[in-house]
1. Could you say which residue among 637, 595, 576, 618 is of a type in the set (Asp, Glu), touching a Phe, Trp or Tyr at 6+ places or on another chain (Cβ under 9 Å) and farther than 30 Å from residue 331 by Cβ?
2. Based on what the data block shows, is residue 432 out of contact with any Leu (no Cβ under 9 Å at 6 or more places or on another chain) and open to solvent by 10 Å² or more (accessible area, probe 1.4 Å)?
3. On the basis of being within 28 Å of the chain's Cα centre (by Cα), of a type in the set (A, V, I, L, M) and either under 14 Å from residue 305 (Cβ atoms) or open to solvent by 20 Å² or more (accessible area, probe 1.4 Å) (or both), does residue 217 make the cut?
4. How about region 327-355: which of its residues are hydroxyl-bearing (Ser, Thr, Tyr) and surrounded by fewer than 22 Cβ atoms within 10 Å (Cβ to Cβ)?
5. If residue 288 satisfies every condition in (1) over 19 Å from residue 369 (Cα atoms); (2) open to solvent by 10 Å² or more (accessible area, probe 1.4 Å); (3) touching a helix residue (DSSP H, G or I) at 6+ places or on another chain (Cβ under 6 Å) but one, which is the exception?
6. Hey, can you tell me all the residues within region 14-58 that are among the charged types (D, E, K, R), at pLDDT below 95, assigned to a helix (DSSP H, G or I) and touching a helix residue (DSSP H, G or I) at 6+ places or on another chain (Cβ under 7 Å)?
7. Look through 593, 616 and report the one residue that is free of Cβ contacts under 8 Å to residues at least 24 places away in the same chain and over 21 Å from residue 679 (Cβ atoms).
8. Taking the criterion of being in a loop (DSSP other than H, G, I, E, B) and either open to solvent by 10 Å² or more (accessible area, probe 1.4 Å) or of a type outside the set (Phe, Trp, Tyr) (or both), would at least one residue in region 452-459 satisfy it?
Amino acid sequence: MHLNRTSFMLWKDVQITGGFWKKRQETNERVTLPAEYEQCVKTGRIESVKCLYHPEEDRHPRKGVFTIDGVLAENLADEKENGEKAVPRPHHYWDSDLAKWIEAASYSLAAHPDQGLEKQIDEIVDDFEKLQMEDGYLNTYYTVVEPGQRWTNVYTMHELYCAGHLMEAACAYYQATGKKKFLEIICRYADCIDRTFGIEDGKIHGYPGHQEIELALVKLYRVTGEKRYLNLARYFIDERGKQPSFFEEEALAHGRDPEEEGPKGILGKSFLPAGPYALFQAHLPVREQKTAEGHAVRVAYMGCAMADLVAETGDESLWNACVVLWKNVTQKRMYLTGGIGAKDGSERFSFDYHLPNESAYQETCASVGMTMWAARMLQIKPDSVYADIMERALYNSVISGVSLAGDTFFYANHLAAKPEMFSDAIITNPRMFPRRQKWFAVSCCPMNLARLLESVGGYIYSESETEFFVHLFIDSVTETVKENTRIQICQETQYPWDNKTRLIVTAQKPVYTSIAVRDPAFSRNTKVLVDGKEAEASLENGYLYLRRMWEGRTEIIVEFEMEPMYVEAHPCVRMDAGKTAIQYGPLIYCLEEADNGPNLSTVFADTAQKLTVKYEPDLLGGVCVVEGKALRACTEDWEGMLYRPIGSRFEEMTFRAVPYYAWSNREPGEMTVWINRVHTRTEE
């Protein structure tokens, strides 16, 4: 298989110098990371690694009910029966929470050395070192809560998932600081896992319930050069979904009912109609899967690993399978904002074109996963179809997951909100509330978001031996070497508020190479100037290629056609039939009650009228507001009636729309992305 493989510039080799993303990173470093660490201390996550919990003496009343990913409330008690402070009972996913925080903090350290932050990480690493067993095994839950039960419930208990996040954290900390201790600890654990799982006799012939270790093993291979890690990642992907089912055999071997509380139980093998264990993408071998089924984050992480393996091995059948899943997700099962996962129940995909708005799950972690998956597809085939989705998720469904202040978070990201829906006592899952919260018992989303925000520099540029790609338009500086010549690329832009980006290319000596700049899907007419003159740029797979001799300092101006526009959904998305949404550049917009009053369902956007845009520096941290003409159904003459013959009156109004990522940063109220539509223009 012929691959035009590229490699992304490492996050630490790209400096974000200003603009939209610099501001987000500064908030992440100043507010979000410290707030997350504080919550990890408060909830017992930090101390859990110290082995303070003892099953017998700390057996006390515990809050919370276990679900597929953890608990709905912290599994803690305020105190024991004798009045002593209770020791937290470690959860089976807590190691992954600490790992994601370490990874995010490591990205920050690379750009901004901080002895205090580094000390916090080192203390956690020291505790992990003390926790590690002689054979390399490293897992808090199975060391202190269920000792002796390791690898007995790989299906649901996140052992390999936690291991994967520890691997990613160790790689990031080593790359940021040069310290090898954590990496050596995790390599010993990876060696233990390699001795435990595999095709050979005497090993467990299985794979994780929650994908993550697969992509992490590839990352560990790239950092260490140890080929066994790559081979183990390939084994986990190839083994998944084979018959007889590993999950079923594991359950039976340890005396568990494979259906877990009966047929179609939330952890049962028959929960989804696509087949046994479809919730975990284990209903078929990965090369035979044609639709994205089950838990959305797992699908995205699996896609990441598949693409990584293709990049390393050139496996054509795996690439084809990855493309099939990608197309099903992005063409039939993805939200306008780039998020995935329509169902609250098991955080999963539904069927094609089923994309509800008020009950949208669109977990923040799943949007992070889509960003990562898109980038890995770009590694193999530089095509704007992947970069456009990467950008869409980043600017919309990812950063909507954290408040502008940086200290409260969304788990689920709705596309419409009516607060009264969530005041019903029956709805108790706090992850679904349309108001950001300081923390969640299942805290994967805040941590995941923090690590992506801090590493966004690693998504801007990629390169091959002869080409340099600009995927995202972000104030930044990086360097590359082509034909033994150092080239600096400096990008200056006010994107996404402005339609221009300026690239300064400085070559130490004359060198011939290609610089390819993405032509975004929203831009119908992109112009490129080189040193003030219109340049000939060939358009290939959505990228504008400038092939030339670069000498000294060269200025490139890329100007997009960026006007606010109405967009529509596929006719089969029944929830959005007769509706429209607003896009400006990469941003999706929404109406909020704060700007447009209550009962947003009575607003009908007039798509015959032009939208206008203006920048408001004092609103929501500084945003472009989009305004348009609409008709609003009058409700005053409906007193005493619920239904009547058609004939409602409408009043003209001007609506104001704000970027979706910024919603719910003011007083609580209604919100909608999809707006009723009307077209008033008459034929002449």
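1. Working: 637 fails: touching a Phe, Trp or Tyr at 6+ places or on another chain (Cβ under 9 Å); 576 fails: farther than 30 Å from residue 331 by Cβ; 618 fails: touching a Phe, Trp or Tyr at 6+ places or on another chain (Cβ under 9 Å).
Result: 595 is the single residue among 637, 595, 576, 618 that is of a type in the set (Asp, Glu), touching a Phe, Trp or Tyr at 6+ places or on another chain (Cβ under 9 Å) and farther than 30 Å from residue 331 by Cβ.
2. Working: out of contact with any Leu (no Cβ under 9 Å at 6 or more places or on another chain): yes; open to solvent by 10 Å² or more (accessible area, probe 1.4 Å): yes.
So residue 432 fits the description; yes.
3. Details: within 28 Å of the chain's Cα centre (by Cα): yes; of a type in the set (A, V, I, L, M): yes; either under 14 Å from residue 305 (Cβ atoms) or open to solvent by 20 Å² or more (accessible area, probe 1.4 Å) (or both): yes.
Yes: the conditions hold for residue 217.
4. 330, 346, 350, 353
5. It is condition (3) that residue 288 fails.
6. Taking region 14-58 as the starting set, the residues that turn out to be among the charged types (D, E, K, R) are 22-24, 26, 29-30, 36, 38, 42, 45, 47, 50, 56-58.
Filter once more, keeping what is at pLDDT below 95: 42, 45, 47, 50, 56-58.
In the following step, the residues that additionally are assigned to a helix (DSSP H, G or I) were identified as 42, 45, 47.
Selection gives 45 alone.
7. Working: 593 fails: free of Cβ contacts under 8 Å to residues at least 24 places away in the same chain.
Result: 616 is the single residue among 593, 616 that is free of Cβ contacts under 8 Å to residues at least 24 places away in the same chain and over 21 Å from residue 679 (Cβ atoms).
8. Restricting attention to region 452-459, the residues satisfying the condition of being in a loop (DSSP other than H, G, I, E, B) are 455.
Imposing the further condition that a residue be either open to solvent by 10 Å² or more (accessible area, probe 1.4 Å) or of a type outside the set (Phe, Trp, Tyr) (or both) reduces the set to 455.
There is at least one residue in region 452-459 that is in a loop (DSSP other than H, G, I, E, B) and either open to solvent by 10 Å² or more (accessible area, probe 1.4 Å) or of a type outside the set (Phe, Trp, Tyr) (or both).
The values are calculated or read from the model by the stated rules, or taken from the named source; none is laboratory data. What you see is a predicted model; the values in this text were computed from it and never measured. Heads up, the Cβs are rebuilt from the backbone with ideal geometry, glycines too, and the neighbour counts pull from every protein chain shown. To get the accessible areas, we keep the full protein, side chains included, count just its heavy atoms, and leave off ligands, DNA and RNA. Shrake-Rupley method; radii C 1.70, N 1.55, O 1.52, S 1.80 Å.
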